[in-house]
Amino acid sequence: MIDPQKIRQDFPILRRVVHGDKPLVYLDSAATSQKPQAVLDAIVQYYTNHNANVHRGIHVLGDESTKMFTSARDTIAKFFGADSDELILTRNTTEGLNAVVYSWVESHIRKEDTILLTEMEHHSNIVPWQRFAKRTGCSLEYIRVSPDGELDLQDLKKKCTKHIKLIAVAHVSNTLGVINPITDIVELAHTVGAKVVVDGAQSAPHMPINFHTLECDAFAFSGHKMLGPMGIGGLVVRKEMMNEMDPFLFGGGMIREVTYEETTFADLPDKFIGGTPDVASTVGLATACEYLTKLGMDQVFAHDHELVEYALEKLSTVDGVNIVGPMEAKKRCGSVAFTYTGVHAHDVAQILDSEGVAVRSGHHCTMPLHEKFGWIATTRASFNVYTTKEDIDALVRALAKVKKVFSRV
Ligand SMILES: Cc1ncc(COP(=O)(O)O)c(C=O)c1O
């Protein structure tokens, strides 16, 4: 089992105090994770000693930078159980999902087709499809979420017809915390010839991901949620689909030959690297992948499970707290969100912050899901490898202050 107390020593930011004398209790990792010293050092080291543009300069630094970039890409692909030429580097999950629209959907989905989403999707996995559907007239449908916060698989079966050309689904919901059964969804989707795109923003930080055994067609993730820097992420794509994808950024770097009239494109993966890539962040993300691999993703997942179980148990004893999503820890991952009877989530978060406890409040970019369940807003506590049960105890203690403040109102 991993030792979060020991891990915390690798994260300098966790030594901070806030509001004068309150030790920081960081429970907002689903929004962005903190970064270990090794990742910070890798970025500084790159800019201090190796900085040069890749693929372009025939000089020592250009060569070093290119080698570091290529090796970092390989490390990231391997972390996801993918081959190097199955990885397109993006800025984040949002860009990965948009890339599927521009590179594949534009040329493969027609007016009479349907794209299937779920009611629990993050805006990043709704808006790009909605915009495409509005532009082309194709249909969008949503798989229902049951009252206890799980995907309704009967509804999926009913809706998964031959009109469906693509299903886009979160691996783990950032609001309900529920883990969706991707392999079952893929199996069903492939029987009707539909592609499956997985939003892995909330699963990649916590679970072992093997892209090949998951069998989906594309998987998008954000580096900043998995101990890496902001501004780097990726889209892993099956070779069959990759070969059908057009570049979505045109310009320098991604070409083989350009004349005044015509352009031919570079081979994979350069074909998808339009312009100068963020080499330092790629190197930083590779370092984060190495850090997680050293901990062991099975152990990371087991640690998360323990925290989720503990949080469900402790929070369900707090007066006024109503947990959203399934109550069985084994169905969940990464976070626990709740409403607080009679108190707006922003007020809850503000009181928690005054005690040094950082959580997220609002709709967490799942406005339609909040609307469906009639939640004005929710408060979310979320975890990562450095989170301890003591952090959850601190949350529960700080929630007592919410009751105290609002019973006076
Ligand atoms: C489930 C889910 N999908 C997509 C995203 C978008 O991630 P990013 O802002 O890094 O693109 C998030 C971010 O919180 C998320 O939780």
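Please treat every number below as a calculation from the coordinates, not as lab data. The model shown is predicted, which means the values in this text are computed figures rather than measured ones. When we count neighbours, we look across all protein chains shown, and the Cβ atoms used for this are built from the backbone with ideal geometry, even at glycine.
What is the sum of charges around Ala38, taking Lys and Arg as +1, Asp and Glu as -1, for the other residues whose C-beta is under 13 Å from the C-beta of Ala38?
-1
Can you tell me the mean projection area, over all orientations, of the convex hull of the range 256-343's alpha carbons? Units nm², please.
For the range 256-343, the mean projected area of the Cα convex hull comes to 11.2 nm².
Among DSSP beta bridges whose residues both lie in the chain, state the antiparallel percentage, nearest 5.
Beta bridges within the chain, antiparallel portion: roughly 60 percent.
How high is the relative contact order of the range 40-294, in percent, counting Cα pairs under 8 Å that sit 6 or more residues apart?
Here the relative contact order equals 24 percent.
Can you work out the FRET efficiency for the pair Ala400 and His163, with r the C-beta to C-beta distance and R0 = 35 Å, to the nearest 0.05?
Once the sixth-power term is evaluated, E becomes 0.10.
Tell me, in nm to one decimal, what length is gained between Met1 and Leu295 on full extension, where the rule is 0.36 nm per residue of separation less the Cα-Cα distance?
Additional length available on full extension: 104.9 nm.
For the chain, which longest stretch is free of loop sites, where a loop site is one of the chymotrypsin sites (Phe, Trp or Tyr not before Pro) that DSSP puts outside H, G, I, E and B and that has at most 14 other Cβ atoms within 10 Å?
Answer from the scan: 1-249.
Provide the packing ranking of 27-40, 177-190, i.e. peptides ordered by the mean count of other C-beta atoms within 10 Å per residue, highest first.
27-40, 177-190
Please give me the summed charge of the neighbours of Val18: other residues whose Cβ is under 13 Å from its Cβ, Lys and Arg +1, Asp and Glu -1.
Residues close to Val18 contribute a combined charge of -1.
Rounded to whole Å and sorted largest first, list the principal axis extents of the Cα atoms in the chain.
74, 55, 36
For His59 and Asp41, calculate 0.36 nm times their separation in residues minus their Cα-Cα distance, and state this gained length in nm to one decimal.
Result: 4.1 nm gained on full extension.
Taking the Cα centroid of the range 250-294 and of the range 295-310, what is the distance between the two, rounded to the nearest whole Å?
33
Taking R0 as 35 Å, what FRET efficiency do you get between Asp21 and Met367 from their Cβ-Cβ distance, rounded to the nearest 0.05?
0.40
Based on the alpha carbons, how large is the Rg to Rh ratio for the range 1-108 when Rh follows Kirkwood?
My calculation puts Rg/Rh at 1.07.
Quick one: if the Förster radius is 56 Å, what FRET efficiency do Ser354 and Asp184 give, using the C-beta to C-beta distance and rounding to 0.05?
So the FRET efficiency works out to roughly 0.80.
Largest first and in whole Å, what are the equivalent-ellipsoid semi-axes of the range 45-147 based on the Cα gyration tensor, each being the root of 5 times an eigenvalue?
One finds semi-axes of 38, 16, 12 Å for the range 45-147.
So for the range 208-281, what are the equivalent ellipsoid semi-axes in whole Å, largest first, each being the square root of 5 times an eigenvalue of the Cα gyration tensor?
26, 18, 7
Working from the alpha-carbon coordinates of the range 1-47, get Rg over Rh, Rh being the Kirkwood radius.
Here Rg/Rh amounts to 1.02.
Using the Kyte-Doolittle scale, find the helices of the chain whose mean hydropathy is at least -0.5 and whose Cα atoms extend 20 Å or more along the helix's long axis, counting only whole DSSP H runs.
Helices passing the filter in the chain: 60-79, 279-295, 297-315, 389-408.
Obtain the radius of gyration and the Kirkwood radius of the range 269-409 from its C-alpha atoms and give Rg over Rh.
1.07
Using the alpha carbons of the range 333-409, what is the convex hull volume per residue in cubic angstrom, as a whole number?
Convex hull of Cα atoms, per residue: 91 Å³.
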